[in-house]
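The values are calculated or read from the model by the stated rules, or taken from the named source; none is laboratory data. Keep in mind the model is a prediction, meaning the values are calculated, not measured. FYI the Cβ positions are ideal-geometry reconstructions off the backbone, even for glycines, and counts take in every protein chain you see. Only protein heavy atoms, including side chains, enter the accessible area calculation; ligands, DNA and RNA are left aside. Shrake-Rupley method; radii C 1.70, N 1.55, O 1.52, S 1.80 Å.
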Amino acid sequence: MSATELFTDERAVRGTSSPVMGMVLFVAGEAMFFAALFAAYFSIRAGAKVWPPAKIGTPELPIPAVLTATLVSSSVVLQVGIRAIRRGRVATFERLLGLTILLGLSFLALQAYDYSQLTFGVKAGIYPSLFYVMTGLHMAHVIGGVVLLSVVAAQTLTGQISAARHEPVEAAAIYWHFVDIVWIGLFTVFYVAVSR
């Protein structure tokens, strides 16, 4: 193969696809947004004598631990699905994508239940305000992720996703893994670090 043929080979010059690059840039912006929220949280916490305020109490750990296991499991399942689609195993990918969506919906339902069990409201002070704003925004991102994964599922069912063309899957996975990482941070600061 000559040097000219090498540089005109589509695989050699393709680089990062537009859907993947677009998602990387979007996630970078979202990461800065959540970083600002975490910075505000730590700044306020550093100035507090007691954190969280004694009158607030702290969220219980069992349900958030299950939430964490559910979301982390969904990322693992999705990543295994990506390996399947790269190898042309579309049916396996469809099943694993469906399971990922189901785990995402389970996370949302369980988080809504967890909210119903909390003993403080958003107006009870700065800690509850930060808690509900940050976990609520994360919940909105999970909803967006479930919608995005559902669009990818629809594309798969209509034959638009294959081993040769699976960039939308890769882009959706970047977003879903980001949502997972943000939750691990939220779980750590709002549940693990404040448990008594």
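Across the stretch 167-181, coupling constants 3J(HN,Hα) worked out from phi with the 6.51/-1.76/1.60 Karplus curve, θ = phi - 60°, read 4, x, 5, 4, 5, 5, 5, 4, 5, 5, 5, 4, 4, 5, 4 Hz, and Gly and Pro carry x. Maximal additional length on extending the Gln79-Arg95 stretch stands at 4.5 nm, based on 0.36 nm per residue less the C-alpha distance.
Heavy-atom accessible area, probed at 1.4 angstrom with all protein chains present, ranks Ile56, Ile63, Ile126 as Ile126, Ile63, Ile56, highest first. Think of the stretch 40-178 as a dipole: +1 on every Lys or Arg Cβ, -1 on every Asp or Glu Cβ, centred on the Cα centre; then among Ser74, Ala54, Phe42, Phe42 lies furthest on the positive end. With θ taken as phi - 60° and the Karplus curve 6.51 cos²θ - 1.76 cosθ + 1.60 applied, the whole-hertz 3J(HN,Hα) list for the stretch 147-158 is 5, 4, 5, 5, 5, 4, 4, 5, 5, 5, 5, 9 Hz, x standing for glycine and proline. To the nearest 10, the accessible area of Leu103 is 40 Å² with a 1.4 Å probe. When the Cα positions of Met134, Ser162, Gly121 are compared along the charge dipole of the chain, Gly121 comes out farthest toward the positive end, with charges on each C-beta of Lys, Arg, Asp and Glu.
Fully extending the segment from Ala154 to Leu105, taken as 0.36 nm per residue of separation minus the present Cα-Cα distance, adds 16.0 nm. Of the labelled figures (1) 56, 33, 31; (2) 44, 38, 30; (3) 72, 34, 22, only one reflects Cα extents along the principal axes in Å as derived from the coordinates, namely (3). Charges were assigned to the Cβ only: +1 to each Lys and Arg, -1 to each Asp and Glu. The resulting dipole of the chain about its Cα centre is roughly 440 debye.
Annotation: per residue accessible area for the stretch 77-196 equals 44 Å², rounded to a whole number [probe 1.4 Å, protein chains only].
Taking the accessible area of the chain, probe 1.4 Å, and keeping the other protein chains in place, the carbon and sulfur fraction comes to 67%. Below 8 Å, C-alpha to C-alpha, sequence gap of six or more: please give me the relative contact order for the chain in percent. Answer for the chain is 34 percent. The HN-Hα couplings worked out from phi for the stretch 30-40 by the Karplus form 6.51 cos²θ - 1.76 cosθ + 1.60 (θ = phi - 60°) are 5, 5, 5, 4, 5, 4, 5, 5, 5, 4, 4 Hz, whole numbers, x standing for Gly and Pro. Result for the chain in a Gaussian network model with C-alpha springs under 10 Å: among Gly145, Gly104, Gly159, the largest mean-square fluctuation is at Gly159. Stretched out straight at 0.36 nm per residue, the stretch from Gln117 to Thr188 would grow longer than its current Cα-Cα span by 23.7 nm. Mind telling me which of Ser116, Ser162, Ser129 comes out most flexible in a GNM of the chain, alpha-carbon contacts under 10 Å? Among Ser116, Ser162, Ser129, the largest mean-square fluctuation in the Gaussian network model of the chain belongs to Ser116. Relative contact order for the stretch 41-116: 33 percent, from Cα pairs under 8 Å spaced at least 6 residues apart, divided by residue count. Distance between the C-alpha centres of the stretch 66-100 and the stretch 20-64: 27 Å, rounded to the whole angstrom.
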